[in-house]
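Nothing in this text is a laboratory measurement; each read-out follows from the coordinates by a stated rule. This structure is a prediction, so every number in the text was calculated from the model and none was measured. Every residue, glycine among them, receives a Cβ derived from its backbone with ideal geometry; neighbour counts consider all protein chains shown.
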Amino acid sequence: MSQAEFYQRDRERHPPALTPDYKTSVMRSPRAALISLQQSVSEITGPVFGHNDIDPIDNDLIHNYAKDGESAIGERIIMHGRVLDENGRPVPNTLVEAWQANAGGRYRHKKDTYLAPVDPNFGGCGRTITDENGYYFFRTVKPGAYPWRNWVNNWRPAHIHLSVFGTSFSQRLITQCYFEGDPLIAKCPIVKTIPTQDGIDSLVAALDLNATVPLDSIAYKFDIVLRGRRSTLFENRLEGN
Amino acid sequence: MVQKLDYLKETPSQTAGPYVHIGLAPGAAGFDIYRQELGWDIAGPNAKGERIRVEGIVIDGTGNPVKDVLIETWQANADGVYAHPESEGEVEEGFRGWGRVITDFETGEWGFDTVKPGPVKARKSLGTGPLHPPAHAGDDWLGRGDEGHEDMAPHINLWIVARGINIGLNTRLYFDDEAEANAKDPVLNLIEWHNRRPTLIAKRSERDGKVVYRFDIRLQGEGETVFFDV
Ligand SMILES: [Fe+2]
């Protein structure tokens, strides 16, 4: 088995640590430069998850916290896509976790006191493991926009938080998925921490009519790309070093 | 014009936000939804080696605790083996080596129980690197030293996310009772500024017969923890 490193992270594609218009970053951003490592076994390995770790209902946010026979309130959606690497290969059997506000923009969290009501049938989290083609899906309701104090009148665009592992700790990624057509995307200081328009566009899920369930749920497609891996062109060279 | 390279580009990171617990530790958010939350048992019941506890606090640039932080840990077992197919060797049944750590929301203090990892083979098994025997890391003023094929001192890899952290921060925790191994560690030696190296070294003490290591993480300013681009 080849055990080469992952491509170095393109730091110009990610937000920098210090983004003054997202105020909380100002005092939480390291000021010294990161130290760049050659990867060792500590970086090319990472936790492995299996179907024993989760339950099939976990990816259905409409029902995974609802009372029997009831369901979450809101616009029913399917969020689906593939986890790929930078080489375009699927990343199978990897854990994808999601969390979000309810349809009114309220999180089920001790520290969320927004006046929109909690939905008794909606927890707001889900998880799944990609299949052999890197495919995943969640059934959920479209989250609502919510206000937050950054400037005094900021509103987060509707979004789902996503956490992905890949096969190595160096691929670990948390991001947010937005929805096509939302005018709040362009105004959001957190979205705008991303330095390129192309990068922002890659976080916007596309309305996917082909994947809708007629008379049931609308669908959005969201592919996630993790770091890709070098192949060892000169494998013999260092063998036994 | 030239041909197009058909690589995809990595999905950009976004902050985990203040409500990361809903997704990754819903019990802490205040509700019970899954049969089991992941990341609470790092070493499992069968792991060999010394049982330890690690505690600390994450401190922001104003000197205050970061109370909404979430840390993930990744470590080898006492034999220096990771629970992953690309790490040579076996781990004990139930040893995962990965954990999720959250804070007390009032104080920002966090802690986790595990076993102390063993030394880990460095880059020996990676089939890439300079063609000729390289300078030792840190010897070359343009950074061209290779991190080499020495064992790495025992360490725990940490990944830190929170509101206001736009992309997860990677660092490593080393142990102060491993001074000899630390002195030879290729990653610690890569840090040109000797006075920054101690930011990665946890301090051992005993409390009620238990071994406790203290590891505070400073995000910014004086004594800023070394973070890595891995
Ligand atoms: Fe959010």
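Every residue, every condition in (1) in contact with a Gly (Cβ under 7 Å, 6 or more places away or on another chain); (2) touching a residue at least 12 places away in the same chain (Cβ under 8 Å), yes or no:
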| site | (1), (2) |
| --- | --- |
| B:Gln3 | no, no |
| B:Ala47 | no, yes |
| B:Ile52 | no, yes |
| B:Lys67 | yes, yes |
| B:Asn77 | yes, yes |
| B:Ala83 | yes, yes |
| B:Gly94 | yes, yes |
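With closer than 30 Å to A:Val213 by Cα, of a type in the set (D, E, K, R) and surrounded by fewer than 18 Cβ atoms within 10 Å (Cβ to Cβ) as the only criterion, which of A:Asp68, A:Asp21 stands out? Steps first, please.
On the way: A:Asp21 fails: closer than 30 Å to A:Val213 by Cα.
After ruling out the rest, the residue left standing is A:Asp68.
Restricting attention to the stretch A:2-13, does a residue exist that is without any contact (Cβ under 8 Å) to a residue 12 or more places away in the chain, surrounded by fewer than 20 Cβ atoms within 10 Å (Cβ to Cβ) and small (Gly, Ala, Ser)?
Checking the stretch A:2-13: not a single residue is without any contact (Cβ under 8 Å) to a residue 12 or more places away in the chain, surrounded by fewer than 20 Cβ atoms within 10 Å (Cβ to Cβ) and small (Gly, Ala, Ser).
Going residue by residue through the stretch B:12-25, is there one that turns out to be out of contact with any Ser or Thr (no Cβ under 8 Å at 6 or more places or on another chain), within 7 Å of chain A (Cβ to nearest Cβ), free of Cβ contacts under 8 Å to residues at least 60 places away in the same chain and surrounded by 14 or more Cβ atoms within 10 Å (Cβ to Cβ)?
Yes, there is a match, as at least one residue in the stretch B:12-25 is out of contact with any Ser or Thr (no Cβ under 8 Å at 6 or more places or on another chain), within 7 Å of chain A (Cβ to nearest Cβ), free of Cβ contacts under 8 Å to residues at least 60 places away in the same chain and surrounded by 14 or more Cβ atoms within 10 Å (Cβ to Cβ).
Restricting attention to the stretch A:140-180, report how many residues are outside any strand (DSSP E or B), within 15 Å of A:Leu95 (Cα to Cα) and within 14 Å of the ligand (Cβ to nearest atom).
The qualifying residues number 0.
Quick one: which strands (runs of 3 or more DSSP E) lie wholly within the stretch A:59-131 and hold at least 3 residues that are within 16 Å of the ligand (Cβ to nearest atom)?
Hits in the stretch A:59-131: A:95-100.
Sort through A:Gly46, A:Gly104, A:Gly123, A:Gly50 and tell me the only one that's in contact with a strand residue (DSSP E or B) (Cβ under 7 Å, 6 or more places away or on another chain) and small (Gly, Ala, Ser).
None of the others qualify; the one that does is A:Gly46.
With the condition kept exactly as written, say whether any residue in the stretch B:213-229 is in a strand (DSSP E or B), more than 18 Å from A:Ala17 (Cα to Cα) and under 17 Å from the mean Cα position of the chain (by Cα).
To start, the set of residues in the stretch B:213-229 that are in a strand (DSSP E or B) comprises B:213-214, B:217-218, B:228-229.
Keeping just the survivors that are more than 18 Å from A:Ala17 (Cα to Cα) gives B:213-214.
Still in the running and under 17 Å from the mean Cα position of the chain (by Cα): B:213-214.
The answer is yes; a qualifying residue exists.
What pairs come up if the first residue lies in the stretch A:118-132 and is within 11 Å of chain B (Cβ to nearest Cβ) and over 20 Å from A:Glu97 (Cβ atoms), the second is of a type in the set (S, T, N, Q) and crowded, with 21+ Cβ neighbours inside 10 Å, and their beta carbons are under 9 Å apart, counting only those six or more places apart or on different chains?
A:Val118/A:Asn102
May I ask you to verify whether A:Glu43 is more than 23 Å from A:Tyr178 (Cβ to Cβ), outside any loop (DSSP other than H, G, I, E, B) and of a type outside the set (S, T, N, Q)? Reasoning before the result, please.
Details: more than 23 Å from A:Tyr178 (Cβ to Cβ): yes; outside any loop (DSSP other than H, G, I, E, B): yes; of a type outside the set (S, T, N, Q): yes.
So A:Glu43 fits the description; yes.
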